[in-house]
Amino acid sequence: MRWQKWRRWWMSGRMHLPRRVRWISGVGAAIGIGCVFAISRAVLGEEAAVPIVASMGAGAVLLFGAPHAPVSQPWPALGGHLVSAAIGVACAKFVGHDWIAAAVAVGLSVAVMHELGCLHPPGGATALVAVVGGPPVWALGFGYVAAPVMLNALTLFAVAWLFNNKLARRPYPPPPPKLDPACPIQLADVERALAAHEQAHGDIEDVNPEMLYEIVDRAWREAERRKRG
């Protein structure tokens, strides 16, 4: 019994997807990274292409493996890299290239991405590369933000958009939900339920079925409370 409870806890974040979807995500990620590397090498040269591919590899996991996740949407996928790259370069210039600068760059990137609503985990790697990438990266200065970072981010996003919509047949970015006028739950109810859930449980970036059930239940209770006045 204890083993089963531990296993459920350990595996609670697992996404139960059809095998076809899992493999199609892998194929898309491979195509995306191939395009990023090819375009970077053609435009910037092979040496400039290498450091940023690691950051884009993490982005490919999100854009192809979890395209409907909040951190995979267009503004996070592009804005997260833009913000983090600028912060990373600023830290490299004004703080240095040691572990303190690296820590400040990543920490500040996370905070600012949260503030701007563009949290994208690979952005942390983008900021880190700006600090520890070595002389070839440092020499770019704030040019690093435009190329290779935004060049790579735009390439990956474009490939993800084409692949998900045209080949994988799954809408990316997903359309906004259509609320049934007859449904008692309104958007404000959902927002209040999400806020209450986040206050009680912390981060809600990765919502599992149990959490989703609790959030919907909260929203329903909010709607019933509003109807009663």
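The values are calculated or read from the model by the stated rules, or taken from the named source; none is laboratory data. Note that this is a predicted model, so its numbers are computed, not measured. Backbone-built Cβ (ideal geometry, glycine too); neighbour counts: all protein chains shown.
When VAL149, VAL137, VAL131, VAL71 are checked against the criterion of being among the aliphatic types (A, V, I, L, M) and farther than 21 Å from GLY45 by Cα, VAL71 stands alone in meeting it.
Kindly indicate whether any position in the stretch 9-25 is buried (at least 18 other Cβ atoms within 10 Å of the Cβ) and at pLDDT 90 or above. The answer is yes; a qualifying residue exists.
Before we move on, is ILE31 closer than 17 Å to GLY124 by Cα, modelled with pLDDT of 95 or more and β-branched (Val, Ile, Thr)? Walk me through how you get there before you give the answer.
Values: closer than 17 Å to GLY124 by Cα: no; modelled with pLDDT of 95 or more: yes; β-branched (Val, Ile, Thr): yes.
So ILE31 does not fit the description; no.
Residue pairs whose Cβ atoms lie under 6 Å apart, separated by 6 or more positions or on different chains, with the first residue in the stretch 22-42 and of a type in the set (A, V, I, L, M) and the second not in a helix (DSSP H, G or I), are ILE24/ALA168. The number of residues in the stretch 80-98 being surrounded by 16 or more Cβ atoms within 10 Å (Cβ to Cβ) and either in contact with a Lys or Arg (Cβ under 7 Å, 6 or more places away or on another chain) or not aliphatic (A, V, I, L, M) (or both) comes to 6. Against the test of being assigned by TED's automatic domain parsing to the domain that holds ALA130, at pLDDT 95 or above and either among the hydrophobic types (A, V, I, L, M, F, W, C) or surrounded by 17 or more Cβ atoms within 10 Å (Cβ to Cβ) (or both), the options ALA42, ALA77 yield a single qualifying residue, ALA77.
Total residues in the stretch 71-129 satisfying the condition of being farther than 24 Å from GLY32 by Cβ and of a type in the set (Ser, Thr, Tyr): the figure is 0. Working only within the stretch 99-128, note down all residues that are in a loop (DSSP other than H, G, I, E, B) and either surrounded by fewer than 24 Cβ atoms within 10 Å (Cβ to Cβ) or β-branched (Val, Ile, Thr) (or both). Correct list: GLY117, CYS118, LEU119, PRO121. Within the stretch 136-179, the set of residues being under 19 Å from HIS81 (Cβ atoms) and assigned to a loop (DSSP other than H, G, I, E, B) comprises LEU140, GLY141, PHE142, TYR172, PRO173.
The sole residue among ALA86, ALA111, ALA42, ALA90 that is in contact with a helix residue (DSSP H, G or I) (Cβ under 7 Å, 6 or more places away or on another chain) and not β-branched (Val, Ile, Thr) is ALA86. Of the residues in the stretch 129-139, at least one is exposed (fewer than 14 other Cβ atoms within 10 Å of the Cβ), at pLDDT 90 or above and either touching a helix residue (DSSP H, G or I) at 6+ places or on another chain (Cβ under 9 Å) or not assigned by TED's automatic domain parsing to the domain that holds PRO70 (or both).
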